[in-house]
Amino acid sequence: MSSIFTKIINGELPAYKIAENDQFLAFLDINPNAKGHTLCIPKQEINKIFDMEEEHYVELMKFSRKIAKALEQAVPCQRIGMSVVGLEVPHVHVHLIPLQTMDDIRFSKKESLSPAEFEEVVKKVQQYL
Ligand code: 5GP
């Protein structure tokens, strides 16, 4: 069965998409640690990040870096934190999280955003891409 993220890639589930190319997609996390929390994923459904082919892994990091640079300009923060967990969704995803405090990277505090706020973040980040 396809992962939730493959369904997002295929347009079977909605998402606030920021950017994509033939290999990768960036979209907002639906239950964000902080405003602007973004997930960067490979379109190929792979469970664990270190099982990726080296070149594919490096390309994912380059894609994530590009998104992080835009995110840092679009959302007020001290810096962009990066984390890879994958215990909930078994499809590689890089978390990019605008950080103000250590709590923002702990996956314990969650932010509630309206659809309009999610859309506003997407538009702002896209301005810097
Ligand atoms: P992890 O697998 O790294 O523990 O976390 C999975 C992340 O995916 C969580 O931060 C969760 O909020 C996010 N997530 C789970 N399901 C969906 C979904 O359907 N849409 C979006 N945009 N994010 C999701």
* Asked: When residues of the stretch 85-122 are filtered for being farther than 27 Å from residue 57 by Cβ, within 13 Å of the ligand (Cβ to nearest atom) and not in a helix (DSSP H, G or I), how many remain?
  -> 6
* Asked: Given 8, 30, which one is closer than 21 Å to residue 123 by Cβ and over 12 Å from the mean Cα position of the chain (by Cα)?
  -> 8
* Asked: Being at pLDDT 95 or above, within 16 Å of the ligand (Cβ to nearest atom), closer than 24 Å to residue 1 by Cβ and surrounded by fewer than 20 Cβ atoms within 10 Å (Cβ to Cβ), is that true of even one residue in the stretch 55-73?
  -> no
* Please give the number of the condition residue 46 fails out of (1) surrounded by 14 or more Cβ atoms within 10 Å (Cβ to Cβ); (2) out of contact with any His (no Cβ under 9 Å at 6 or more places or on another chain); (3) not in a helix (DSSP H, G or I). => (2)
* Evaluation of residue 5 against (1) away from the ligand (no atom under 14 Å from the Cβ); (2) in a helix (DSSP H, G or I); (3) hydrophobic (A, V, I, L, M, F, W, C) (one fails), failing number -> (1)
* Structure fact -> Apart from one, (1) more than 21 Å from residue 128 (Cβ to Cβ); (2) crowded, with 21+ Cβ neighbours inside 10 Å; (3) polar (S, T, N, Q) all hold for residue 33; the odd one out is (1)
* Please list, ordered by first then second residue, the pairs with beta carbon atoms under 9 Å, 6 or more apart or interchain, first in the stretch 2-17 and free of Cβ contacts under 8 Å to residues at least 60 places away in the same chain and hydroxyl-bearing (Ser, Thr, Tyr), second more than 9 Å from the ligand (Cβ to nearest atom) and not in a helix (DSSP H, G or I). => 2/10; 2/12; 2/45
* Taking the stretch 74-84 as the region of interest, how many residues are surrounded by fewer than 18 Cβ atoms within 10 Å (Cβ to Cβ), within 14 Å of the ligand (Cβ to nearest atom) and either assigned to a helix (DSSP H, G or I) or not β-branched (Val, Ile, Thr) (or both)? -> 2
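The values are calculated or read from the model by the stated rules, or taken from the named source; none is laboratory data. Please read all numbers here as calculations on a predicted model, not as lab measurements. As a convention, Cβ positions derive from the backbone with ideal geometry for all residues, glycine included, and neighbour counts pool all protein chains shown.
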